[in-house]
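Engineer: The following block contains the structure, expressed as C-alpha cells.
The values are calculated or read from the model by the stated rules, or taken from the named source; none is laboratory data. Keep in mind it's a predicted model, so treat the numbers as computed, not measured. Positions of Cβ are generated from backbone atoms using ideal geometry, with glycine treated the same way; all protein chains shown enter the neighbour counts.
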Amino acid sequence: MISKPTIARIFDTARIEEVVGDFLTLKKRGVNYIACCPFHNEKTPSFNVNPVRNIYKCFGCGKGGDSVSFVMEHEKLTYPEALRYLAKKYNIEIEETYDRNIEEEKKQETERESLYVINSYAQKYFSNLLMNTDEGKSIGLSYFKERGLSNEIIEKFQLGYASEGRTIFTETAVKEGYNLDYLVKTGLTIRPEDHPERTYDRFAGRVMFPIHNITGRVIGFGGRALKKEAKAKYVNSPESEIYHKSNVLYGMSVARKAISNEDNCFLVEGYMDVISMHQSGIENVVASSGTSLTVEQIRLIKRYTNNITIMYDRDSAGIKASFRGIDLALREGYNRMYQEGLNIRLVEFPDGEDPDSYARKVSETELRTYIKQHTIDFIRYKTTVQYEEVKNDPIKKSAFIHDIMESIASMPNTVTRSLYIQQFSVIAKIDEQVLITELNKILRSRYVKERPNDLGIEETIDIDNPSVPQPVDSDRDSAELHEKEIIRLLLSYGNQTLEIKSETEESDEDSPAEIHKVSIAQFISEHLATDSIRFENELFQKIFIEYSSAILTGEVPALEHFVHHEDPEISHLAIDLTTFPYTISDWLKKHGIQVAREEDSLKIAVEHVIYSLKIKIILKMISETQKQLQEATSDEEIMILVAKKKQLDEAKNIFSKELGWVVLR
C-alpha cells in the first residue's frame, strides 16, 4: 500500500495543467486553460483546467476532479495505478506501508495490472532476444538493419524478436513465475479449447512490435513472420482487458507531443511506416495497424490536433480502406469531425511506394517537400478518384452521389458546403439544385434522428404505455435547492470570517454593541443547529456533519479537503458546486467598470440562504399541518393543529420580513 505521506506529496506536486497537458492541447483563457473534453464529444471547448485550485471541470458532461481522478478516468486506471503514474512523472519515490496482510493484498492485485506486468516482461524478453542472442541478431536484427533502422530507433519502439521454438517463451515465462492463465489472457500464449493441456507461443519465429497505450505501457504486440511459408504475414494480440484495437493507434505514445506541436497528425497503415517516418525525422505519425479507421481512433487524434493527413500507397485497397474509415467516423454522428473543425487530407505516394519505402529512399527535406506538394483535401480527392470508377454506371453513380452528399452534409459551414456542391456539380455533371435537394434530405433526416439528444430532453416513461411521455413530477416544497446553496457557500467560503454584533439589553448609543468575528461555517452551523435542521439530501448532510464536527475541534476544513475527499461523490460535488464556466472579462477591469462580487456581501448572501431554507421548511410544515387539519376528527386535535399553524405562520412572517419577501401561502 502507498503510504499517506507519499500520497500527500503526489497531490502537492502534481500540477493539473501539466498532467492534463500530457493528453490534451490546452489553450490559455484568463487564469485558466480550456480544451475540448476527452470524455464526451463537443464542438466548442467546455473543459476547464484551473491551475490555482489544481482541478479540472467539464461544463458539458459534468466530469471534474483533480490530477489523480483525471488520470484514473482518462487512462481507466485504478487509484493506486494513477498514483504510481504521477509518482513516476514527477520522480517521487513511493514509500509503501507493510503489515501482516500485505502478502494477501498482493495476491488480490487486479487482473488488469497482471496483464500489464506480463506484457512488460514479454517486451523485455523479446528485446533481449533481438539484441543479445545469436538467433535474434542473425534473424531479427538483420531484418531491421536491412530496413535501415538504427539501434536508437529499435530501442525507442522497443522492437524485439520471438524465438522459432513454438513453446520456448511460454515455458520460460512460467519458469520465471508468471501465471499461465494470464499469459493466455494477454494472447501471448495459445491454449486450444479442445486440448487445454497443450500450450504454444502465438508469436514464434517473428520480429516483434510492442503496442503501447497513450502513457507508454505495453498492451499488446504485433508480430511479423520472416519466412515466406508462414500462414499469416502479420499476427496481432487478440482483444483483452487492456487491449482494444479500435481504441489504439500504433505509435501514439511517442508521437502525441509532436502531433500537438506540429498541429497535424500523419496517419499511415503499418508499424514500419511509423518507424521509418520517425527515422526520417517526422515524428507526428501514427498507424491504424492495417484496420479501417475507427471513430475512437479519430477521437484519440482529436485530443491533440484538428488536422489529419492520411498517407497510403496507390494500392486501391489502401485508398478504399481510408475512405471507409473516414466515412464511418463522419456518419456515426459520434465524433462529428467537421463540426468539431477536424480537417482531413490525403497524400498519395508514387506507384510502388508506401510511406516506409519512400521515407527510406529520400532525405527528410525531400520527404517533407513531397508531402507538402501532394496533400489534397479529402472530399476533393474522393470526388475525383471514385467518380472515375462509377461515372458510366447509373446505379453506382447514384449511390456515389448520395455517399458524397453524406460527407458534405457533415460540414457545419454552409459556405463550405456550397463551394463543394458547386465543384461536385461540375465534376459529376449534375444540376446543382438536385444536389442541394439531396443535401437537405440528409440534413432533415439527421435532425429528426438526433433532435431528442441534441435538446437534452429527459422523459419518464409510463411502463404500461411506454410510447406516451409522462410529465416529471417535482416536489414544490423540496428544500434541496436551498440546501445545495448552503453547501456551496460552506465549500467556497466556510473558513472566511464574518463580523457579528453581540447586542445586549444594556446596549445604548454610548456603549455600542460588541463586534466579534466568526467563521461562515460556524455561523451557518449554529443557525441550523438552533432549529435542529437536518438536510433532506444525504450527501449534503454528510458534508454538513463534517463541517460541524470540525468546528467543535476549532478547525474549519478548507475546500481542498473536500475536492480530494476519499468519497468520490463528495469530491465530485465539491468541484461541481465551486467551479464556474465564466470569469470576469479583463476588458471590464481595463475600463474601470466595477462588477459586484459575491465575496463583497457574504453576510447578506449567507443570511439570505439560511432564511430561505427555513421558510421552505416552514412552508412544508404548514402544508402538512393543513392536511392534518382536514383529517382531524376531535375538537382537541383541531385546536392543537390551529395553534401550531399560527406559530408557523408567525415564524414564516418573521423570516419573510428579514428577506423582504411577500409569501402568499
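Engineer: So residue 484 clears everything in (1) at pLDDT below 80; (2) buried (at least 16 other Cβ atoms within 10 Å of the Cβ); (3) basic (Lys, Arg) except one condition, right? Which one?
Structural biologist: (1)
Engineer: Which of the residues belonging to segment 206-218 are without any contact (Cβ under 8 Å) to a residue 60 or more places away in the chain and under 21 Å from the mean Cα position of the chain (by Cα)?
Structural biologist: Matches in segment 206-218: 212, 216.
Engineer: Still on this structure, please answer the following. Can you report the number of residues in segment 408-436 which are more than 18 Å from residue 381 (Cβ to Cβ) and assigned to a loop (DSSP other than H, G, I, E, B)?
Structural biologist: Qualifying residue count for the region: 5.
Engineer: Still on this structure, please answer the following. Which of the residues spanning segment 394-419 are closer than 21 Å to residue 43 by Cβ, among the β-branched types (Val, Ile, Thr) and surrounded by 16 or more Cβ atoms within 10 Å (Cβ to Cβ)?
Structural biologist: Within segment 394-419, just 408 meets the criteria.
Engineer: On the basis of being touching a Ser or Thr at 6+ places or on another chain (Cβ under 6 Å) and surrounded by 24 or more Cβ atoms within 10 Å (Cβ to Cβ), does residue 251 make the cut?
Structural biologist: So residue 251 fails the test.
Engineer: Considering only segment 560-570, how many residues are among the aliphatic types (A, V, I, L, M) and either over 21 Å from residue 613 (Cβ atoms) or loosely packed, with under 12 Cβ neighbours inside 10 Å (or both)?
Structural biologist: 1
Engineer: Filter segment 543-571 for residues that are under 24 Å from the mean Cα position of the chain (by Cα), assigned to a helix (DSSP H, G or I) and charged (D, E, K, R) and give the result.
Structural biologist: 560, 569
Engineer: So in segment 515-542, with the set limited to residues that are within 29 Å of the chain's Cα centre (by Cα) and within 30 Å of residue 52 (Cβ to Cβ), which one is surrounded by the most Cβ atoms within 10 Å (Cβ to Cβ)?
Structural biologist: 540
Engineer: Scan 470, 422, 386 and give me the residue that is surrounded by 11 or more Cβ atoms within 10 Å (Cβ to Cβ), more than 34 Å from the chain's Cα centre (by Cα) and at pLDDT below 85.
Structural biologist: Checking each option against the conditions leaves just 386.
Engineer: Tally the residues that are closer than 18 Å to residue 188 by Cα, hydrophobic (A, V, I, L, M, F, W, C) and touching a residue at least 40 places away in the same chain (Cβ under 8 Å), restricting the search to segment 219-262.
Structural biologist: The number of residues fulfilling the criteria is 3.
Engineer: How about segment 142-161: which of its residues are within 21 Å of residue 219 (Cα to Cα) and either at pLDDT below 95 or out of contact with any strand residue (DSSP E or B) (no Cβ under 8 Å at 6 or more places or on another chain) (or both)? If you could, list the steps in order and put the result at the bottom.
Structural biologist: Restricting attention to segment 142-161, the residues satisfying the condition of being within 21 Å of residue 219 (Cα to Cα) are 153-161.
153, 154, 155, 156 - these are the residues of segment 142-161 that are within 21 Å of residue 219 (Cα to Cα) and either at pLDDT below 95 or out of contact with any strand residue (DSSP E or B) (no Cβ under 8 Å at 6 or more places or on another chain) (or both).
Engineer: Restricting to strands (runs of 3 or more DSSP E) lying wholly in segment 213-287: which have 3 or more residues that are of a type in the set (Gly, Ala, Ser), farther than 21 Å from residue 343 by Cβ and modelled with pLDDT of 90 or more?
Structural biologist: 218-225
Engineer: Something else about it: Hey, any hits in segment 140-162 for a residue that's surrounded by fewer than 14 Cβ atoms within 10 Å (Cβ to Cβ), under 30 Å from residue 81 (Cα atoms) and out of contact with any Cys (no Cβ under 9 Å at 6 or more places or on another chain)?
Structural biologist: yes
Engineer: Count, please, the residues in segment 588-638 that happen to be at pLDDT below 75 and among the β-branched types (Val, Ile, Thr).
Structural biologist: 2
Engineer: Any residue in segment 485-497 that's farther than 12 Å from residue 610 by Cα and assigned by TED's automatic domain parsing to the domain that holds residue 558: show its pairings with residues that are among the β-branched types (Val, Ile, Thr) and not in a helix (DSSP H, G or I) at Cβ separation under 7 Å, as long as the two are six or more apart or on different chains.
Structural biologist: If the second residue must be among the β-branched types (Val, Ile, Thr) and not in a helix (DSSP H, G or I), the pairs left are 494/556; 495/556; 497/518.
Engineer: Would a scan of segment 94-114 turn up a residue that is at pLDDT below 90, within 26 Å of residue 220 (Cα to Cα) and among the β-branched types (Val, Ile, Thr)?
Structural biologist: Yes: one or more hits.
Engineer: Another one. Out of all the residues in segment 163-183, which are surrounded by fewer than 18 Cβ atoms within 10 Å (Cβ to Cβ) and of a type outside the set (Lys, Arg)?
Structural biologist: 164, 165, 167, 168, 171, 172, 174, 176, 177, 179, 180, 181
Engineer: From the set of residues in segment 614-643 that are outside any helix (DSSP H, G or I) and not hydrophobic (A, V, I, L, M, F, W, C), which is farthest from the chain's Cα centre (by Cα)? Step through it out loud before you land on a result.
Structural biologist: Quick first cut of segment 614-643, residues outside any helix (DSSP H, G or I) only: 632-634.
Filter once more, keeping what is not hydrophobic (A, V, I, L, M, F, W, C): 633-634.
Values: 633: 61, 634: 63 Å.
Checked segment 614-643; the qualifying residue farthest from the chain's Cα centre (by Cα) is 634.
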